[in-house]
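Peer 1: Below you will find the structure I want to go over with you.
The numbers here are math on the coordinates, done by the rules we state, and not lab data. Values in this document were obtained by computation on a predicted structure and should not be read as measured data. Neighbour counts run over all protein chains shown; Cβ positions are idealised from the backbone, glycine included.
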Amino acid sequence: MLSPSSVLSDKTLLNILYQSPTATAIYTGEALRIAFANAAMRKLWNLTDEDIIGKTYAEIRAGHSPNLTDQLSSVWQTGITYRQAAAAYTLKANDYVYTQYYNIELKTTRATDGQVEAIIHTAVQLNQTGVAERIDASPVPEDDTTLSLTVKEAANGYFDAPAIEVLLDDASIGVVVLTGEENQILYANRAYSQMISRNINLLCGSKLFDILPEARAYFEPIINEVRRAGRAVYLYDTPFTVYNNGNPSRGYVNVIYQPFTHPVIGDKGVLAICHDVTLQTINKQQLETLNAELQSSNQDLQLNQTGLRLAADTAKLGIWTFNPETNEFGLDERCRNIFGLDATDKITKADIGSVIEEKYVELVVQLVQNAYAGKPGMVEYYAINRKTGKRSWVRGSAQFIPPTQESGGQLIGTMIDLSAEKDEETRKTDFIGFVSHELRSPLTSLSGFMQLLQIRAAKTGDEKMTDIALKSRRQVDRMAAMISGFLDVVKMGESAIQLDLSVFDLNDLLTAVEEECITIVQTHQLVFKPVDGAWVEADYDKIEQVLTNLINNAVKYSPQGTTITVASKCLADEVQVSVADEGLGVSPADIPYLFDRFYRAQSEHTKTIKGFGIGLYICREIIEGHHGRIWVESEIDKGSVFYFTLPLTSKNL
């Protein structure tokens, strides 16, 4: 098998591992001495390279929690991976001592003869909502001299090409490297061969679509476009079918296609990272189907309890009930396992605070109140296991069954453990954030070069070169805007978006946006209808971002020469802003998903319009962060009206 080091140099691979935001250490030999620790792990342990390299875990962490000495020995002897969720670390910043929690994994790598070669130790920090986040490790510049001598010595003795290939071969996510216009496979790991049901020994050197012809029609144009345009493409929950001895195998996959140019022979190629999400996607579809059933008539719900139980088992749903007369909950086995309750344990409304994290209790209470009012719904919250203290991220629904002659009214609802799905979303977001950060530096340099080229061309009077340089800068600025959008998505996924609130008249913001847009937009007629005295407490820049994004979308999706109208009006306790166009419109099937992350409506008219489907998602997150609402009303070929609201301040009320 060809080594991935033929694509990425040893120095690049080492720097990537050393700069990785996930705390990582590697132990070798029967004494389990530390051969490598990256910047994030050094920060977690609060030690320097000289204090770490060549030492054992017991020597550097004696008296500290967690104590992993026995676990390291067990993993070395048995080869069985050890995982510990939410392990507590006592940390110190200046004179302040605090506790932080990490997910820990100890995993072996093996040499070609099958013998255990090393243990990889990773620690992923958990924030207050329990979602894994990257440790803020100091970045390491590309210059090789920035790596400490002890780290370089460890790397030169351990991170050779075969060792790196072992790491990739053991990865749970599929990796394949394609080169040349015929998409020849330069490298593929075991996870990828299993995903496509092909013998790994037949992959390297073969042409991808010679051995996988059933995938050619859909995936070949995408891969070719990535190689041609030099631009990454992300596919999420994409259906695929492969054949094994004539038998079809269907599923869903997340794929990231990343272009590259071979540093030696200059061939353009594509790196594909694939993750099989069949189980998660099917569970999601089954959950949506089941929730639709829960919102059907009460009589049908009562008559089909057996079918509901089967559907719940398929989707791995827990079912609960609440009797208002006895004030007691009825929980099935899945719900009891999540809450850490025995079959004999009883739980009442007063016990909710012991099984649901405190800051989510009010959210769950509101869900129940809405259900009583005839408005079934769903919320996500942290459930607490009373036996272990473990927190699980769950999605719950509730619906009220009115009383009948035979029985009194009761609440009925579902619960599903979303921990695995949330972890997967975190891995996606981490990857997007890492790539976006890495792309920013070269783009900044490229923008500077383009600006310098434009100035020189203008001085020499070369109008053609000036125009080319100007167009190039516009494309660089466009890519920079896309990267900023991705970073906004990452911040929102980490709940890290910050609002700088101030009280201002929304009319002032609309006037400023009008002055800017009329100067920039020359292809459409813009009409602004602001209202005086709409005082709000909001983040001025972020509301401006929402408004500008909606106007830009209206320009993008409506014919030249048509009218775009921006209006506002004060309601009882909120101000409503609308952006109306005379454009393509949105189909009823797309409207429920239009504000979802990475969602783009597909039609013959929109397939040539560029975008990643993050603009409206960011708008929704900003508006909902202000306790407002955002929605769209649309009709195909007649145009769309996007609305959002913001609460008015007491200055208006």
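Peer 1: What per residue convex hull volume, in Å³, do the alpha-carbon atoms of region 171-276 yield? Could you put the intermediate results ahead of the total?
Peer 2: Numbers: hull volume 10.0 nm³, N = 106.
Residue-normalised Cα hull volume stands at 94 Å³.
Peer 1: Between GLN498 and TYR101, what length in nm is gained on full extension when 0.36 nm per residue of separation is reduced by their alpha carbon distance? Could you put the intermediate results ahead of the total?
Peer 2: Working: separation 397, 0.36 × 397 = 142.92 nm, distance 2.31 nm.
Extra length from GLN498 to TYR101 when fully extended: 140.6 nm.
Peer 1: Determine, for HIS121, HIS64, the number of other Cβ atoms within 10 Å of each Cβ, and report the residues in order from fewest to most. Display every interim value, and only then the final one.
Peer 2: Working: HIS121 25, HIS64 13.
Placing the least packed residue first, the sequence is HIS64, HIS121.
Peer 1: Counting other C-beta atoms within 10 Å, which of THR22, THR388 has the fewest, and how do the rest follow?
Peer 2: On the way: THR22 18, THR388 10.
Listed from fewest to most nearby Cβ atoms, that is THR388, THR22.
Peer 1: Right, next: For a footprinting-style exposure proxy, rank SER354, SER73 by other Cβ within 10 Å, fewest first. If you can, show how the numbers build up before the last one.
Peer 2: Working: SER354 11, SER73 15.
With the sparsest Cβ surroundings first, the list reads SER354, SER73.
Peer 1: Using per-residue counts of other Cβ atoms within 10 Å, averaged over each peptide, order 237-246, 175-184 from highest down. The partial results should precede the final answer.
Peer 2: Working: 237-246: 12.4, 175-184: 18.8.
Taking the mean over residues of other Cβ atoms within 10 Å, the ranking is 175-184, 237-246.
Peer 1: Another question, then. Taking H as built 1.01 Å from N, whose amide H comes closer than 5 Å to the amide H of GLY330, not counting residues under 5 places away?
Peer 2: THR321, PHE322, ASN323
Peer 1: Which one, GLN545, PHE504, ALA589, projects farthest toward the positive side of the charge dipole computed for region 501-647 from Cβ point charges (K/R +1, D/E -1)?
Peer 2: In region 501-647, that residue is ALA589.
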